[in-house]
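Accompanying notes for the structure given below.
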Amino acid sequence: MMNRRQFMGASAGAVLAARVQDPPAGAYDLVIRGGRVIDPSIGVDGIRDVAIAAGHIAAVEPDIAAGAAETIDAAGRIVAPGLIDIHTHAARDAGGPALALQDGVTGFVDAGSAGADNIDPIAENIRQAPQIGCALLNIARTGVVSGGELNDINAASVALARGAIGRNLDVVVGVKVRLSDSVVGANDLEALRRAREAAESFDLPVMVHIGQGYSPLRAVMPLLRSGDIVTHMYAPPPNSVLDDRGRLFPEVAAARRRGVVFDFGNGVTGHFTWEMVERATRQGLWPDTISTDWNIRSGTTGVVDFPNVMSKLLMFGMPLTEVTAAATTNAARVFPVFRNRGTLNVGAPADVAVMELREGEFEFVDNYQGTRTGSQRLFPFATVLDGRLVPAGA
Ligand SMILES: [Zn+2]
């Protein structure tokens, strides 16, 4: 295909035609040039320019000739829809969302940091965030407590949860319940029932945090519906997605078939081992969504940043296009608030993550100090939010 310069030299008649077809120079606010555009939502994986005007995607084509007020040179880099992190704790701190934005996270879900007693300031942090954000309300009125927030089942109050959702309807998109034995003990199924009851009044999904549970997962899975989310899907035993002989429980496969979303949820302690990732993925249990379980201290834990977490799945052989889908398109489909995000489709808000895929030897850690070495790692390079390049370090 000819670029504009070759085209201009072709003939006077052709130049005239080009003038009619091409927008005038400077028509775009920003063009991201020459990157490998990976957008699973529109089935694109190839070298393209991405043109942005008035905060929206204006064109995704090879060799966009028209000029732009600003240009990002993306040659040799990955250009993806802005990353959507459906399990983070970014909003626990007022500055969290802006930090995550530096990593390419243009949409986030604060997953259960807060319950009915403390959701209001977190909801305020979300409203003040530069990017689109929302929250899952913890069914425990206290939100996450390190010693376990549901040791007294009375902390799971449907009435209080309903009130908290009702006064933060612009922010709350679901209800979270942590089902670990240390959090809830033998009341796990009752806590899930209460989370469901609160969520159902507003037609919202439930996210369950699994791992080291009291009840076997085969008792939990039948309680989940299409649109519900299982996070920490590779949490190790007791009561993991695998039976005692390492085989995937049929109830897990059945849940997935009926539309329950399985989410990675990296986290720091207790949420995944390399062995679990290996055994489960060999049996076809890949994540529908990749999330970080990030907080403002994650830079110094095994999370580091969202692209680093994506790299862990690359190491296990998940194709880059699918890793990208799990961090963008698939994540956007989980919550209606992201309905026009996770895509570079023309007309969509221009949220873009530009990343570098470096080759080399990279060490990754699980939640048990286990290390594995991969040959590729994604690094954040630039973030575009609503059509504007986010200043580095801002
Ligand atoms: Zn979490």
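The values are calculated or read from the model by the stated rules, or taken from the named source; none is laboratory data. Remember, it's a predicted structure, so these values are computed and weren't measured experimentally. The protein model used for the area step is the full one, side chains on, heavy atoms only, and it has no ligands, DNA or RNA in it. Shrake-Rupley method; radii C 1.70, N 1.55, O 1.52, S 1.80 Å.
Largest first, please: the extent of the C-alpha atoms of the range 202-254 along each principal axis, to the nearest Å.
Result for the range 202-254: principal-axis Cα extents of 39, 19, 16 Å.
Collect residues whose amide H, placed 1.01 Å from N in the peptide plane, falls under 5 Å from the amide H of Asn138; neighbours closer than 5 in sequence don't count.
It is Gly112, Ala114, Gly115, Lys176, by chain and number.
Would you mind calculating the gained length between Ala94 and Ile296 on full extension (0.36 nm times residue separation, minus the Cα-Cα distance), in nm to one decimal?
Residue separation times 0.36 nm, minus the Cα-Cα distance, leaves 71.7 nm.
Can you give me the long-range amide H partners of Val261? Hydrogens built in the peptide plane at 1.01 Å from N, cutoff under 5 Å, separation of 5 or more residues or another chain.
Close amide H contacts, sequence-distant or interchain: Gly227, Asp228, Ile229, Val230.
If all Cα-Cα distances of the range 180-314 are sorted into 5 Å bins from 0 onward, what percent lands in each bin, rounded to whole numbers?
Distribution as computed: 2, 10, 20, 23, 21, 14, 8, 2, 0 percent.
With every protein chain left in place, what is the accessible area per residue of the range 82-338 in square angstrom, probe 1.4 Å?
Per residue, the range 82-338 has 34 Å² of solvent-accessible surface.
Can you compute the equivalent ellipsoid semi-axes for the range 128-202, i.e. the square root of 5 times each eigenvalue of the Cα gyration tensor, sorted largest first and rounded to whole Å?
22, 14, 9
Stretched out fully, how many nm does the piece from Glu70 to Arg339 gain, at 0.36 nm a residue minus the Cα gap?
The span from Glu70 to Arg339 would gain 94.1 nm if fully extended.
Over the chain, calculate the relative contact order: mean separation of alpha carbon pairs under 8 Å at least 6 apart, over the residue count, as a percent.
RCO, the chain: 18 percent.
Report Rg/Rh for the range 305-394, rounded to two decimals, where Rg is the Cα radius of gyration and Rh the Kirkwood radius.
1.01
Which residue, Ser180, Ser298, Ser375, tops the fluctuation ranking in a GNM of the chain built on C-alpha contacts under 10 Å?
With Cα springs under 10 Å in the chain, the top fluctuation among Ser180, Ser298, Ser375 is at Ser375.
How are the alpha carbon pair distances in the chain distributed across 20 Å bins from zero to the largest one, expressed in percent?
Once binned at 20 Å, the Cα pair distances of the chain give 29, 53, 15, 2, 0.
Go through the range 282-295 residue by residue and turn each phi into a ³J(HN,Hα) via Karplus (6.51, -1.76, 1.60, θ = phi - 60°); whole Hz please, and just put x for glycine and proline.
4, 9, x, 8, 8, x, 6, 10, 10, 9, 9, 6, 6, 9
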